[in-house]
Amino acid sequence: RGVRARRDASDADMALYIKAFTLIVKTASKPLAKRLRTAMEESPTARAYAIESARATAKWMAFLARDDAASGAVSGEPGTTSRKARNEAKRAMAKANMSEDAALQAASEFVGEAFVFAVAGGAVWWEVEKSNAKDEKRREDAANERAQLCDIIDTQHRTMVDMSALIEELFEYKKSSSETIAAMQAGRRAAAR
């Protein structure tokens with residue numbers, strides 16, 4: 001029990017270190033994400049790709065949201081209620097294009113947040129893997145301990161069977177010895193008469 005208690009205390013200390021390490025990694029990822037954003041804004045290739053991606057994403061989101069925004073008057077919000085006005089609002093939203101600065105800002109924010117999310121997700125995955133490995137080791141240890149206990153029980157059972165057979169042999173020997181001694185005593189008594 002003392003060894004198990006020390007092992008559990010050691011595991012608890014290790015879990016504390018792992019949590020602290022994970023927190024440090026998550027905290028350190030935020031300045032790294034900011035540096036990644038800056039690097040993306042400075043690189044012409046990354047900048048062009050980021051602007052194009054942000055604009056494409058904005059158009060896609062506008063396409064998905066245009067029916068909701070254009071039909072706001074139907075749901076009781078103030079605005080125009082004519083079909084023509086709704087269609088014009090749809091066309092305006094579909095043509096909407098982000099400015100270069102807004103697209104770059106949106107893309108850099110996305111990249112930074114994606115980096116922080118990836119680091120946090122990686123840390124969670126790492127913690128889960130460590131926990132699963134620990135659980136697997138505990139299961140293996142428990143299975144080994146059960147196997148050892150089963151071996152001990154089997155050995156004790158065989159020993160008990162052997163002891164029972166030996167005791168029966170001793171009772172048989174005692175019985176035959178008692179009969180032999182009784183016969184010898186009877187023979188002496190008969191000879192003494």
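Descriptive notes on the structure:
- Carbon/sulfur fraction of accessible area - the range 90-172, other protein chains in place, 1.4 Å, %: 62 percent
- 1.4 Å probe accessible area per residue over the range 103-193, in Å²: 82 Å²
- Its residue count N sets the reference 2.2 N^0.38 Å, and the alpha-carbon radius of gyration of the range 115-193 equals 2.91 times that reference.
- Cα pair distances exceeding 15 angstrom across the range 95-158, given as percent: 74 percent
- Listed by chain and number, the lysines whose C-alpha is less than 23 Å from the C-alpha of Lys19, apart from same-chain residues fewer than 8 away, are Lys30, Lys130, Lys134, Lys137.
The values are calculated or read from the model by the stated rules, or taken from the named source; none is laboratory data. Given the structure is predicted, the values throughout are model-derived calculations rather than measurements. What goes into the accessible areas is simple: the full protein's heavy atoms, side chains included, and nothing from ligands, DNA or RNA. Shrake-Rupley method; radii C 1.70, N 1.55, O 1.52, S 1.80 Å.
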